[in-house]
Amino acid sequence: MQDERPQIGQQTFATLSLVELRHAIKARADDLKSANSWNLEEVLDYLVALPDGAHKSDSVDVFTQLARNFFYAGRFDKMLEAASHGSRLSRTIGDKFQLARARDKEGAALLYLGRFAEATIAEAEVWLLARELSDLRLEMFAIWAMGDICTAMGQWNEAIRYYRRVHQLAEEVGAADYEIAARTLIAESAIQLRDPDLGLQVLSKVTAHPPPKRTDTVIHGGALAALTHLYLQIGDVTAAREVSERAMCAAVLGDDPMTIQKCHASKALVSVRSGNVEDGLAALRKCLAIARSKFPTLVPGLLNTCIDAYEAAGLPDDSLAHLQELVDWKRTWIEAAVIPHQYVELPQPPMTPTLDAAADQGLTAKSHFLHAGIRFRVQGLVETAVNAELARGHGIYRIFRVSRLATQLAEGLGWKPERISELSLGARLCSVGMLAVPSNLLQKSSDLSDVERQLIRDHARYGGELLRRSNLRLLEMGALISEQFRERYDGSGYPRGLRGDAIIEEARLVSVCDAFDAMTHSRPWRSSVRSSGAALQELRRCAGSQFDSSFVEAFIDSFRRELSERADLDTFLAREAEEFEYVRARARMEASLKC
């Protein structure tokens with residue numbers, strides 16, 4: 001039957017009020033039978049072209065709804081454009097509620113574009129606005145987005161904490177659809193952590209029949225896709241097959257292309273585990289090809305599914321090939337985030353007076369531009385290093401504590417300020433390459449193969465490469481520290497097996513500080529920690545083998561002389577973290593979990 005509803009085109013925009021336009025756009029997203037009969041970009045261009053005086057709160061609402069529709073269409077660049085127009089307009093008219101909604105969509109678009117630090121800052125602002133407005137629903141959206149940001153970076157334990165808070169808030173506001181979505185997201189994180197019991201527990205109430213509303217149907221399909229993986233993890237292939245069929249029906253009904261691809265992948269994995277290996281692997285290859293071209297955010301998850309599928313099919317070489325592709329994919333988006341432009345650090349131009357004042361001003365502006373570019377690059381690398389530690393289960397302040405410990409030790413040894421400055425930055429960035437290590441390797445409980453072990457160890461070499469590719473002289477020492485701080489004094493370390501003085505002093509010093517911090521702080525899989533005294537004893541026990549004895553003794557003396565009596569040592573060591581807006585935003589969102 002032909003769709004008889006009025007079609008919206010460029011020529012009809014002016015005949016609609018902003019409220020009517022918003023309702024028309026929303027209906028397109030919510031109606032399962034909606035025909036994609038008009039161009040969203042034309043609507044966006046029309047709104048942007050309106051004179052400033054024509055805009056009000058209703059305009060922000062339309063921009064926000066447009067961003068939502070662009071999300072469903074997988075157009076994250078346009079989603080960001082629409083949401084950014086909405087947030088700028090809402091600031092102009094002073095509407096905090098509309099600002100929160102627009103910034104939430106802006107944060108989501110930034111997330112899907114791989115700009116995680118900016119996404120975090122946006123969602124932290126949404127959370128503050130939500131608290132100010134006493135709006136639990138907005139607060140829920142901000143915390144949900146933070147869970148998604150953690151998921152995108154492989155920070156699964158952190159993601160679960162955020163999604164549990166979403167579940168709690170969804171119950172408080174009576175939003176059954178978001179409650180199901182939160183449980184699904186917890187389950188998907190549990191799949192990555194190889195914890196099927198947790199996943200099955202949170203999805204125990206998923207019903208067999210999808211709801212009628214499009215958004216709810218999409219959520220339902222995603223829940224069933226996750227349930228399929230969980231049944232496979234416990235070896236119940238029969239149940240997984242039945243659930244995968246229901247998942248596909250819901251995804252098709254919801255008409256969400258990304259959920260459809262997730263369900264295709266789940267169904268393909270069921271085929272492989274059921275013995276229909278050739279067809280299952282062919283279907284997975286097709287899903288992966290579609291994701292590469294249309295839905296890049298799905299690529300890491302699908303690569304993980306391929307890794308499992310080829311391993312189940314008895315094809316370990318193909319499984320490892322997809323694991324390597326996952327490593328390469330992670331490296332690509334890291335580099336896209338932190339090396340967006342190839343700045344070259346130039347010497348400071350001589351600022352001698354000339355007869356041409358305009359030329360002097362131009363030189364000054366150019367100098368400021370170059371230094372701003374350098375700060376931007378370094379900031380991005382530090383943010384990446386923070387995320388690398390979070391993916392490993394450390395906290396957001398770890399790199400700053402290690403850096404401060406190294407600085408204290410170097411100052412006690414009488415190093416020159418310039419050398420200490422390079423050491424401090426290098427200590428913050430020493431584990432930056434760990435973000436490229438797939439989380440399924442970090443979480444793997446069984447013995448690692450030689451290839452898997454090498455992929456983990458390769459983070460040291462990759463960290464050095466990443467820092468060198470930044471083309472900044474102040475990171476040259478950091479690159480060497482990253483490459484060498486995993487070496488051991490007796491030659492048993494990696495990546496090159498360097499021994500003794502062949503390891504630069506800075507790397508030998510940082511390895512002591514890094515080990516002390518790791519021993520004195522908990523991890524998700526290790527709640528017990530060593531006291532400072534016990535950690536110092538362990539450093540001394542490993543002196544001469546893992547560590548340089550002279551740096552161990554100097555560290556012990558420095559700690560006992562300057563740090564042991566501090567009432568709040570962690571706060572003192574991490575105080576430089578406050579310089580970074582991303583870290584402040586991340587800490588703010590951590591605090592949201594305690595509200």
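The values are calculated or read from the model by the stated rules, or taken from the named source; none is laboratory data. Given the structure is predicted, the values throughout are model-derived calculations rather than measurements. Glycine gets a Cβ as well: all are built from the backbone with ideal geometry, and neighbour counts include every protein chain shown. Side chains are part of the model used for accessible areas, which takes the heavy atoms of the whole protein and leaves out ligands, DNA and RNA. Shrake-Rupley method; radii C 1.70, N 1.55, O 1.52, S 1.80 Å.
Brief remarks follow.
Each row is one residue, and each column tells you yes or no for (1) modelled with pLDDT under 90; (2) open to solvent by 30 Å² or more (accessible area, probe 1.4 Å).
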position: ASN157; (1), (2): yes, yes
position: TYR162; (1), (2): no, no
position: HIS167; (1), (2): no, yes
position: ASP177; (1), (2): yes, yes
position: THR184; (1), (2): no, no
position: LEU193; (1), (2): yes, yes
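- Of residues in segment 122-140 being part of a helix (DSSP H, G or I) and open to solvent by 50 Å² or more (accessible area, probe 1.4 Å), the one nearest to LEU110 (Cα to Cα): LEU128
- Restricting segment 86-98 to residues that are without any contact (Cβ under 8 Å) to a residue 40 or more places away in the chain and crowded, with 21+ Cβ neighbours inside 10 Å, the residue that is nearest to the chain's Cα centre (by Cα) is SER87.
- Checking each residue in segment 147-178 for being of a type in the set (Gly, Ala, Ser), in a helix (DSSP H, G or I) and under 25 Å from PRO296 (Cβ atoms) picks out GLY147, ALA152, ALA159.
- Listing of helices (runs of 4 or more DSSP H) fully contained in segment 377-489 that carry 1 or more residues being touching a Cys at 6+ places or on another chain (Cβ under 8 Å) and either among the small types (Gly, Ala, Ser) or touching a residue at least 12 places away in the same chain (Cβ under 8 Å) (or both): 398-412, 417-429, 450-468, 476-484
- Some residue of segment 456-464 being open to solvent by 10 Å² or more (accessible area, probe 1.4 Å), touching an Asp or Glu at 6+ places or on another chain (Cβ under 8 Å) and over 15 Å from ARG331 (Cα atoms): no
- Members of segment 490-521 that are in a helix (DSSP H, G or I), touching a helix residue (DSSP H, G or I) at 6+ places or on another chain (Cβ under 6 Å) and among the hydrophobic types (A, V, I, L, M, F, W, C): ALA507, LEU509, VAL510, VAL512, CYS513, PHE516, MET519
- Sole residue being of a type outside the set (Asp, Glu), free of Cβ contacts under 8 Å to residues at least 40 places away in the same chain and part of a helix (DSSP H, G or I), chosen from ALA226, ALA181, ALA190, ALA239: ALA239
- Qualifying residue in segment 250-269 (condition: modelled with pLDDT under 90, surrounded by 21 or more Cβ atoms within 10 Å (Cβ to Cβ) and over 21 Å from LEU230 (Cα atoms)): yes
- Scope segment 475-507; condition hydrophobic (A, V, I, L, M, F, W, C), more than 10 Å from LEU423 (Cα to Cα) and under 30 Å from the mean Cα position of the chain (by Cα); matching residues: ALA479, LEU480, PHE485
- Segment 564-587, subset of a type outside the set (A, V, I, L, M, F, W, C) and buried (at least 18 other Cβ atoms within 10 Å of the Cβ), residue farthest from VAL166 (Cα to Cα): TYR582
- Residues that are assigned to a loop (DSSP other than H, G, I, E, B), of a type in the set (Gly, Ala, Ser) and at pLDDT 90 or above, drawn from segment 546-585: ALA574
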